[in-house]
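Visitor: Below is a structure I'd like to ask you about.
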Amino acid sequence: MRGNIPALGIVLALTFAGPHARAEQRLMIDAKEGSVGIGGNVTDSTITIGIPAEKIEELIRSRTKDLADLAESQRETITQLKETLSLTQGQVSHALKILGETNIRPEQLATKLGEIAEKFKDLQQAATAQPGDDAKITALKAEAQQAIQDGQLGKADEILAAIEKAQTEAIDRLALNAAQTAAQRGNVALASFRYVDAAQHFAKAAAKVPRNKDERVKYLSAEASALLKQGFEFGADAAALSAIARYRALVELLPRNASPLDWARAQNGLGFALLRLGERESGTARLEEAVVVLREALQEATRERAPLLWAMTQKNLGLAFIALGGREGGTARLKEAVAVLQEALQEGTRARAPLERAFILNNLGGALVTLGQLENGTARLEEAVVVHQEALQEATRARARPLLLAMTKVGLGQALQAIGERETGTARLEQAVAAYQEALQDPACVRAPRLWANTQMLLGRALHAIGERESGTARLSRGVTGSRDPQKAIRYLGSRNHAADDVIE
């Protein structure tokens, strides 16, 4: 502490700017004749305490003593401060402690005493119960008021922290409930195939959830998935591009080191979206990027760490290789596809994930058919027949979507037809025709224009091949007119604007 304040008139002004304060409102400190004066309240009046500054310094130096150990004059000074500043004894003691520990200059003691007194009053009001407070919050506020009344600001701060935590948790609960309701609306929209509406609802749900909540990632993933469905079930490339953008944002949102599996799931979603859009484009840039993205995902989603996620990512990588193989010609990519899909089957077991296993088998069968058509002999094609038959069993057992069943029947027909075209008889071709016809009877195939058109063309070709090996022209005629509307099928397959309605996820 410095020396005592000289016994001369000193006027200090501290400007307050609060929501209800006038711009010129001030707290005036008047130290005339060696006394301390506090003023500048709402009436702009001046209250003179009449306490010499050196006595305040003396009290500050004795702040660690009990009241009983203070001199009579010191106790009188404390009483005078209590009455003039409208503070309790505990509040005065705490104010003196604060002044001592913060090394306030002597000429500022009066000012700071006034500030502390005003803050005690503000704190008392701030800790009052408010409408909407539950019983827990009300009880905590009462405890905080008592701590402030006793001048125990440390204890008051701890109680206020508990109040803040409880209020934040309540807000979070309300936010999570609101987010869940928005997500439920998204699921209702999905059930009606209103994918754009669903994406909007999921986006709202994500916005309502604090960033540190797992639910936020879940809802953002659901938004991306809905946009992807819109993109490929309705041929909306803009929605597909939005889905890719959402998945990229998810990958950035999730720290790879801290959440490797969550990051890998988002990376797998991005790879799948790139794959599906790449299938619709003439180039291979997106397909090549999908391969890179999916391989990175597999670095974190290993078979040992997350076997089912690993199998799903392997499946998508296989699909990317199949698409690239179809663009590039040759067999290298197709062989890679067969290899990764066969690996995926090792974890996509019947007991663990029968539906996922059906997907993998269907895609493996398609890769084997394409590869078998490029190679001599029928070994790959025979394997494709077995794989497709198993896929049908798994899809039926898992109660898969009708579209998957229809596609698998068509895939079986393609394998049988490819074998039949290399044989002299017609038995395999007849089996292929039966498979195509069974698929065409499924309403799911009728509702999928691209699959329907492809199947019609395949059926016509199979009938024509049979007709060429038989006497008469009946089969040849059926090969030309076997489709219910062959010209419609031809027109549809020639269109570049059809929807990719046969997407299997």
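Visitor: Which ones in the range 381-398 are surrounded by fewer than 22 Cβ atoms within 10 Å (Cβ to Cβ) and among the charged types (D, E, K, R)?
Guide: GLU382, GLU383, GLU390, ARG397
Visitor: Being closer than 26 Å to GLN417 by Cα and among the acidic types (Asp, Glu) is the requirement here; does GLU336 meet it?
Guide: So GLU336 passes the test.
Visitor: Quick check on GLY460: is it surrounded by 15 or more Cβ atoms within 10 Å (Cβ to Cβ), of a type in the set (Gly, Ala, Ser) and either more than 20 Å from GLU356 (Cβ to Cβ) or touching a Gly at 6+ places or on another chain (Cβ under 6 Å) (or both)?
Guide: yes
Residues checked against (1) of a type in the set (Lys, Arg); (2) surrounded by fewer than 20 Cβ atoms within 10 Å (Cβ to Cβ):
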residue	(1), (2)
ALA290	no, no
ARG295	yes, yes
ASN316	no, no
ALA337	no, no
ALA353	no, yes
GLY365	no, no
GLY372	no, no
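Visitor: Looking at the range 102-124, which of the residues that are surrounded by fewer than 13 Cβ atoms within 10 Å (Cβ to Cβ) and modelled with pLDDT of 75 or more is farthest from ILE163 (Cα to Cα)?
Guide: Only one residue tops the list, namely THR102.
Visitor: While we're here: When you go through ARG397, ARG380 one by one, which is the residue that is touching a Gly at 6+ places or on another chain (Cβ under 8 Å) and basic (Lys, Arg)? Show your work before the answer.
Guide: Values: ARG397 fails: touching a Gly at 6+ places or on another chain (Cβ under 8 Å).
One residue alone meets the criteria, ARG380.
Visitor: Please pick out the residue among GLU118, GLU143 that is in contact (Cβ under 8 Å) with a residue 12 or more places away in the chain, in contact with a strand residue (DSSP E or B) (Cβ under 8 Å, 6 or more places away or on another chain) and part of a helix (DSSP H, G or I).
Guide: From the options GLU118, GLU143, the qualifying one is GLU118.
Visitor: Follow-up. Is it the case that GLN267 is closer than 22 Å to ALA323 by Cβ and among the polar types (S, T, N, Q)?
Guide: yes
Visitor: Give the residue that is farthest from the chain's Cα centre (by Cα), with candidates limited to residues of the range 76-91 that are loosely packed, with under 15 Cβ neighbours inside 10 Å and either part of a helix (DSSP H, G or I) or among the aliphatic types (A, V, I, L, M) (or both).
Guide: Only one residue tops the list, namely GLU76.
Visitor: Could I ask something else about it? Suppose we filter GLY154, GLY132 for residues that are outside any helix (DSSP H, G or I) and loosely packed, with under 13 Cβ neighbours inside 10 Å; which single one remains?
Guide: Exactly one of GLY154, GLY132 is outside any helix (DSSP H, G or I) and loosely packed, with under 13 Cβ neighbours inside 10 Å, namely GLY132.
Visitor: Six or more apart or on different chains, Cβ under 7 Å: which pairs go from a residue in the range 78-93 that's closer than 16 Å to ASP66 by Cα to one that's surrounded by fewer than 22 Cβ atoms within 10 Å (Cβ to Cβ) and among the β-branched types (Val, Ile, Thr)? Could you list them?
Guide: So the pair list comes out as GLN89/ILE78; VAL92/ILE78.
Visitor: Could you say which residue among GLU304, GLU347, GLU343 is at pLDDT 90 or above, of a type in the set (Asp, Glu), more than 21 Å from ALA418 (Cβ to Cβ) and not in a helix (DSSP H, G or I)?
Guide: GLU304
Visitor: Go through the range 361-397 and count every residue that is β-branched (Val, Ile, Thr) and under 34 Å from the mean Cα position of the chain (by Cα).
Guide: 1
Visitor: Among the residues of the range 295-335, write down those that are within 26 Å of the chain's Cα centre (by Cα) and of a type in the set (Lys, Arg).
Guide: Residues satisfying the conditions are ARG295, ARG303, ARG305, LYS315.
Visitor: Determine whether PHE202 is in a helix (DSSP H, G or I), without any contact (Cβ under 8 Å) to a residue 40 or more places away in the chain and among the aromatic types (Phe, Trp, Tyr). Full working, then the answer.
Guide: Details: in a helix (DSSP H, G or I): yes; without any contact (Cβ under 8 Å) to a residue 40 or more places away in the chain: yes; among the aromatic types (Phe, Trp, Tyr): yes.
Against the criterion (in a helix (DSSP H, G or I), without any contact (Cβ under 8 Å) to a residue 40 or more places away in the chain and among the aromatic types (Phe, Trp, Tyr)), PHE202 qualifies.
Visitor: A further question follows. For ALA358, are the conditions met, namely being under 37 Å from the mean Cα position of the chain (by Cα), over 30 Å from ARG469 (Cα atoms) and either not charged (D, E, K, R) or not in a helix (DSSP H, G or I) (or both)?
Guide: In short, yes.
Visitor: Right, another one. Search the range 255-282 for residues being touching a helix residue (DSSP H, G or I) at 6+ places or on another chain (Cβ under 8 Å) and assigned to a loop (DSSP other than H, G, I, E, B), and hand back the single one that is farthest from GLU328 (Cα to Cα).
Guide: PRO255
Visitor: Then there's this: Check off (1) in a helix (DSSP H, G or I); (2) farther than 18 Å from ALA367 by Cα; (3) small (Gly, Ala, Ser) for ALA391 and give me the number that stays unchecked.
Guide: (2) is the only condition that ALA391 fails.
Listed here are the residues, each with its yes/no results for (1) touching a strand residue (DSSP E or B) at 6+ places or on another chain (Cβ under 9 Å); (2) part of a helix (DSSP H, G or I); (3) at pLDDT 90 or above; (4) more than 27 Å from TYR195 (Cα to Cα).
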| site | (1), (2), (3), (4) |
| --- | --- |
| ALA415 | no, yes, yes, yes |
| ALA432 | no, yes, yes, yes |
| CYS445 | no, yes, no, no |
| TRP452 | no, yes, yes, no |
| ALA465 | no, yes, yes, yes |
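The values are calculated or read from the model by the stated rules, or taken from the named source; none is laboratory data. Source: prediction; values computed, not measured. Because the Cβ atoms are built from the backbone with ideal geometry, glycine has one as well, and the counts that use them run over all protein chains shown.
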